[in-house]
Amino acid sequence: MRIAIIGNGRAGSTTARVLRETYGCDVDVFSDEGALHYSRPALMYVSMGTVDASVVVAALPDAQHRTIGSLDELDGYDAIVIATGSIPALPNWCAMVDEHVQCYTQWSDVAHLEHVIVSKKRCVVIGGGLLGAEVAEVLHHRSAHYQWLLHDGGVFADVLPREESELITRHMQGDGIRMALNADVVSIVREGIRVTGVQLHSGEIVPCDHVIMATGARPSIALAQRAGIPTDVGIVVDASFRTSRPNTYAVGDCAQPPWGLRATWHDARAQGEHVAHVIAGTASAYLPQLPSMQAKFLRKEWYSVGAIDASTSSWYWEDPVHQRSVRLHHIDGTLVGVQTVGVRLNREVCEEWIRQARTVDDVRGMFAHAVVDPEFTPKVTL
Ligand SMILES: Cc1cc2nc3c(=O)[nH]c(=O)nc-3n(C[C@H](O)[C@H](O)[C@H](O)COP(=O)(O)OP(=O)(O)OC[C@H]3O[C@@H](n4cnc5c(N)ncnc54)[C@H](O)[C@@H]3O)c2cc1C
């Protein structure tokens with residue numbers, strides 16, 4: 001079998017590996033970024049200088065540096081896997097990125113930011129989510145001149161409940177991160193092509209030479225759309241990651257299966273592996289794991305498992321001394337999700353409790369079982 005895979009990120013490279021190693025397929029992987037695969041979550045550590053670039057990069061035996069503009073270019077393959085990932089979501093006042101306005105999602109962005117840091121340019125980071133926090137941390141760590149502008153009243157406030165967002169915001173401010181809350185950016189101010197500042201809705205201009213846009217991401221679906229494949233937010237696929245086009249699949253950040261978009265490293269790997277078995281004809285049903293995420297805000301870890309959205313009710317515990325929290329999300333007293341700040345969480349234990357439909361009272365009594373490294377963690381008593 002000859003398989004074409006578009007994208008060599010976590011999803012595409014995993015599909016390629018399983019097809020090649022388990023099934024002996026003939027695989028071609030195409031990437032517009034370059035033939036090397038790298039760990040996207042590790043970009044910030046490369047920028048900080050705490051991880052060597054060589055550690056996060058891997059050569060794929062079957063990858064080529066080539067942009068696929070149309071699926072018609074891939075006639076003759078037995079199957080096509082679209083693993084095009086996601087692209088930055090830019091607001092309408094930022095129509096383009098160039099030398100003075102960049103994103104931070106690709107390997108080339110690391111080199112660009114490095115040049116900016118070394119040139120001692122004054123930076124503004126726009127966007128209060130995970131990516132904005134990562135870039136602010138990088139610039140802080142590198143002692144760069146920067147200001148982080150957050151649209152909301154706290155860090156990651158569009159996902160976190162108010163208390164957790166405030167906890168993390170206080171923690172980051174306490175460590176000296178320079179952030180401006182409720183900063184509603186309306187334009188980037190330029191003299192010619194040179195950037196001189198960022199204008200806020202209040203009229204204030206924040207002076208800078210360089211802007212890093214961290215305003216979110218959306219699935220990369222243009223290639224599928226050009227091929228006439230149905231798309232919604234992502235590329236619509238069934239529970240086996242099949243699109244409506246014969247022998248054409250989509251996995252990872254770009255794919256929208258029946259249970260919804262899951263733009264995480266872990267999901268991209270699991271979907272990439274599964275679709276390889278589907279193509280080889282050996283797959284059993286894909287069992288999507290409960291949604292889970294984790295992130296670090298200047299050493300303060302945040303974990304979430306299960307449903308943590310506003311449609312749930314929640315029970316909240318906060319430890320002001322150690323700046324940490326636990327929130328148990330429930331529907332009518334039955335656990336549906338858990339999120340913690342400053343408490344390292346064992347995902348499997350929480351998943352088990354959610355599957356068993358444990359009550360919040362039950363879980364409070366045995367929460368110590370879900371704490372990783374309890375011997376190094378001040379006791380959590382809910
Ligand atoms: C800075 C950063 C930090 C992150 N940190 C975390 C984290 O801590 N935890 C976590 O779970 N997730 C994290 N993520 C998200 C995670 O990286 C993604 O969910 C994951 O990489 C998705 O993998 P993928 O293979 O679907 O897509 P991608 O990794 O985006 O790979 C898609 C590839 O396809 C290429 N491509 C697109 N179109 C074409 C075309 N037409 N022709 C050829 N090539 C094409 C793209 O250029 C890209 O190289 C982070 C993302 C970023 C940007």
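All of the numbers you see were taken from the coordinates with simple rules; none came from a lab. The structure presented is a predicted model; accordingly, all values stated were derived computationally and were not measured. Here the Cβ is made from the backbone with ideal geometry for all residues, glycine too, and neighbour counts use every protein chain on show.
Brief remarks on what is shown
- The Ala222 and Trp317 beta-carbon pair, evaluated with R₀ = 45 Å, returns a calculated FRET efficiency of approximately 0.50.
- The helix-only estimate of mean residue ellipticity at 222 nm for the chain, built from DSSP H runs of length n ≥ 4 each weighted as -39500 (n - 2.57), is -7500 deg cm²/dmol after division by the residue total.
- Stokes-Einstein D for the chain, Kirkwood Rh over Cα pairs, 20 °C, 1.002 mPa s (µm²/s): 95
- Paramagnetic reach from Ala89 (point 7 Å along Cα→Cβ, amide N under 13 Å) across region 137-166: 158-159
- Span per principal axis, largest first, for the Cα atoms of region 101-213 (Å): 42, 31, 23
- Under conditions of 4 °C and 1.567 mPa s, region 122-167 yields 120 µm² s⁻¹ as its translational diffusion coefficient, taking Rh as the Kirkwood radius over Cα pairs in the Stokes-Einstein equation.
- Pair-distance profile P(r), taking every C-alpha pair of region 152-205, with 5 angstrom steps and integer %: 4, 19, 20, 17, 15, 15, 7, 3, 1
- Beta bridges per DSSP, both residues in the chain: antiparallel share near 60 percent.
- Dipole in debye (nearest 20) - region 52-182, about Cα centre, beta carbon charges: Lys, Arg +1; Asp, Glu -1: 760
- Looking at region 229-310 alone, DSSP beta bridges between its own residues are antiparallel in about 80 percent of cases.
- Sorted largest first, extent of region 1-131 alpha carbons per principal axis (Å): 53, 35, 24
- Remark: spin-label model distance Met1-Asp72 equals 2.7 nm, labels positioned 7 Å along the Cα→Cβ axis.
- Summary: within the chain, the longest segment free of GluC sites (Glu not before Pro) located in DSSP loops with at most 14 other C-beta atoms within 10 Å is 205-382.
- Dipole axis of region 292-376 (+1 Lys, Arg; -1 Asp, Glu on Cβ), positive-most option in Leu328, Val360, Val343: Val343
- Top of Ala357, Ala136, Ala183 by mean-square fluctuation, Gaussian network on the chain, Cα under 10 Å: Ala357
- Gyration tensor over alpha-carbon atoms, region 8-53, equivalent ellipsoid semi-axes in Å: 27, 11, 7
- Of Ala227, Ala180, Ala16, the one that fluctuates the most in a GNM where the chain has Cα springs shorter than 10 Å: Ala227
- Every Cα-Cα pair in region 292-376 was counted, and those over 21 Å apart are 21% of them.
- Inter-site label distance for Glu204 and Leu36 at 7 Å from Cα along Cβ, in nm: 4.1
- Within the chain: Cβ-based charge dipole about Cα centre, in debye rounded to nearest 20 (Lys, Arg +1; Asp, Glu -1): 380
- Ordering of 143-150, 362-369 by burial proxy (mean other Cβ atoms within 10 Å per residue, highest first): 143-150, 362-369
- Net length gained if the chain between Ala310 and Ala111 were fully extended (0.36 nm per residue, minus Cα distance): 67.8 nm
- Fraction of antiparallel bridges per DSSP, region 101-213 only, in percent to nearest 5: 40
- In plain terms, the chain from Asn346 to Gln294 could stretch by 17.6 nm, reckoned as 0.36 nm per residue minus the Cα-Cα distance.
- Efficiency of FRET between Asp373 and Val55 - r from beta-carbon atoms, R0 35 angstrom, step 0.05: 0.90
- Close amide H pairs (under 5 Å, H built 1.01 Å from N) link Cys25 with Arg20, residues at least 5 positions away or on another chain.
- Length-normalised contact order for the chain - Cα pairs under 8 Å, 6+ apart - percent: 14
- Computed FRET value (nearest 0.05) for Thr22 with Arg178, which takes r as the C-beta separation and R₀ as 41 Å: 0.25
- Considering only Ile205, Leu130, Gly69, and ranking their Cα positions along the charge dipole of the chain that arises from unit charges at the beta-carbon of Lys, Arg, Asp and Glu, the one farthest toward the positive end is Ile205.
- Cα-based reach from Lys121 at 27 Å (exclusive), listing lysines while leaving out same-chain residues under 8 positions away: Lys296
- DSSP-assigned coil residues among trypsin sites (Lys or Arg not before Pro) in region 285-351, each with at most 16 further Cβ atoms within 10 Å: Arg299, Arg344
- Between region 1-52 and region 285-335, the alpha-carbon center distance in angstrom: 30
- Every pair of different Cα atoms in region 72-157 enters the Kirkwood calculation, which places the hydrodynamic radius at 15.2 Å.
- Within a Gaussian network of the chain (alpha carbon springs, distance under 10 Å), most fluctuating of Asp238, Asp72, Asp361: Asp72
- Put simply, the amide H of Phe297, placed in the peptide plane, has neighbours under 5 Å in Trp302, leaving out anything fewer than 5 places away on its chain.
- Phi to ³J(HN,Hα) by Karplus 6.51 cos²θ - 1.76 cosθ + 1.60 over region 103-113, Hz, x for Gly, Pro: 9, 9, 10, 10, 4, 5, 5, 5, 5, 4, 5
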